[in-house]
Amino acid sequence: MIIGNLNKRIKLYNYTQGQDEGFGAAYDWNMVAEVWAEILRPRFTTGTMNGSADATLLTQGINIRKRLVEKGWRVEYNGDMYEILHVDNSQSDVLTLTCRSVEVKT
């Protein structure tokens, strides 16, 4: 890993259970950490969905230092939110997060 490439700040979010206030526990996205990252080039993958139509999936790769990150978490970068589809920990010092953009409902 080239430390100088980790030049962007991202926020990691985990979907966690809040306090039970009598109506069942509420779940919400909570920021876990703000870390330095390397933003890789977007990747386009084409294929067929259910054998009927062509589909294109746009994924974003993000490299960060090793830490606890799980599939299903979210990443915020420059005001955009991404869902983590895959966590590649095959290298000894870096995690590669494969993400896709998600719409945040307000």
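The values are calculated or read from the model by the stated rules, or taken from the named source; none is laboratory data. Computed from a prediction, not measured in an experiment: that's the story for all the values here. So basically every Cβ, Gly included, is an ideal-geometry build from the backbone, and we count neighbours across all protein chains shown.
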* To do: Test residue 75 against the stated conditions and say whether it is buried (at least 17 other Cβ atoms within 10 Å of the Cβ), in a loop (DSSP other than H, G, I, E, B) and of a type in the set (A, V, I, L, M, F, W, C).
  => no
* To do: Return yes when residue 101 is modelled with pLDDT of 80 or more, out of contact with any Leu (no Cβ under 6 Å at 6 or more places or on another chain) and part of a loop (DSSP other than H, G, I, E, B) and no when it is not.
  => no
* Asked: Could we say that residue 87 is farther than 19 Å from residue 9 by Cβ and surrounded by 14 or more Cβ atoms within 10 Å (Cβ to Cβ) here?
  -> yes
* Within segment 83-96, can one find any residue that is touching a strand residue (DSSP E or B) at 6+ places or on another chain (Cβ under 7 Å), under 20 Å from residue 4 (Cα atoms), modelled with pLDDT of 90 or more and β-branched (Val, Ile, Thr)? -> yes
* May I ask you to list the residues in segment 90-106 that are over 8 Å from the mean Cα position of the chain (by Cα) and surrounded by fewer than 16 Cβ atoms within 10 Å (Cβ to Cβ)? => 90, 91, 92, 93, 101, 102, 103, 104, 105, 106
